[in-house]
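Shown next, in structure tokens, is the structure this report addresses.
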């Protein structure tokens, strides 16, 4: 049973009925496949929208996220990305989208998914550790 369609950020309509819930999860494409909890969220009927800041136009992603945040009923937004630095743009985009929406009632909590373990941890803005750099090298073929 499909509870929500579509799931891609760029494809969702900002006023879609499935966005009119108290909670919204925004995630990087890879994070959804790397952490088993996402399938459970989706099957339970939680709203999950996904995108990739590396493969999709970042301006379009930000604009769509701004519209979604402005139009959604959600006051709680969870953000999940992979630990790789290229993925961190989604955190910044969501924060900017909340700012752009001029909504004071939206609270966001941000997480990263570790590549080796698939576990989540709280995202720390501006902090890039050795594991993140190594994951980026492996992901993009820079094994020097």
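Just to verify a result, which residue in the stretch 110-144, among those that are surrounded by 13 or more Cβ atoms within 10 Å (Cβ to Cβ) and under 15 Å from the mean Cα position of the chain (by Cα), is nearest to residue 96 (Cα to Cα)? Here the answer is 110. A single member of 133, 109 is closer than 14 Å to residue 25 by Cα and either outside any strand (DSSP E or B) or free of Cβ contacts under 8 Å to residues at least 40 places away in the same chain (or both), and it is 109.
Given the condition surrounded by fewer than 18 Cβ atoms within 10 Å (Cβ to Cβ), modelled with pLDDT under 95 and in a loop (DSSP other than H, G, I, E, B), answer yes or no: does some residue in the stretch 25-43 qualify? Taking every residue of the stretch 25-43 in turn, at least one turns out to be surrounded by fewer than 18 Cβ atoms within 10 Å (Cβ to Cβ), modelled with pLDDT under 95 and in a loop (DSSP other than H, G, I, E, B).
Among all positions in the stretch 44-51, there is at least one residue which is at negative phi and surrounded by fewer than 17 Cβ atoms within 10 Å (Cβ to Cβ).
Which residues, counting only those in the stretch 66-84, are surrounded by fewer than 20 Cβ atoms within 10 Å (Cβ to Cβ) and out of contact with any helix residue (DSSP H, G or I) (no Cβ under 6 Å at 6 or more places or on another chain)? The answer is 67, 71, 73, 75, 76. Confirm whether residue 89 is without any contact (Cβ under 8 Å) to a residue 40 or more places away in the chain, in a helix (DSSP H, G or I) and under 21 Å from residue 34 (Cα atoms). When the stated conditions are applied, residue 89 passes them.
The sole residue among 114, 36, 60 that is touching a residue at least 24 places away in the same chain (Cβ under 8 Å) and within 17 Å of residue 12 (Cα to Cα) is 60. Applying the criterion of being touching a helix residue (DSSP H, G or I) at 6+ places or on another chain (Cβ under 7 Å) and under 24 Å from residue 36 (Cα atoms) to the residues of the stretch 92-109, the residue that is surrounded by the most Cβ atoms within 10 Å (Cβ to Cβ) is 94. Looking at the stretch 54-65, is at least one residue touching a strand residue (DSSP E or B) at 6+ places or on another chain (Cβ under 9 Å), closer than 24 Å to residue 139 by Cα, crowded, with 18+ Cβ neighbours inside 10 Å and modelled with pLDDT of 95 or more? Checked the stretch 54-65: at least one residue is touching a strand residue (DSSP E or B) at 6+ places or on another chain (Cβ under 9 Å), closer than 24 Å to residue 139 by Cα, crowded, with 18+ Cβ neighbours inside 10 Å and modelled with pLDDT of 95 or more.
The values are calculated or read from the model by the stated rules, or taken from the named source; none is laboratory data. Keep in mind the model is a prediction, meaning the values are calculated, not measured. So basically every Cβ, Gly included, is an ideal-geometry build from the backbone, and we count neighbours across all protein chains shown.
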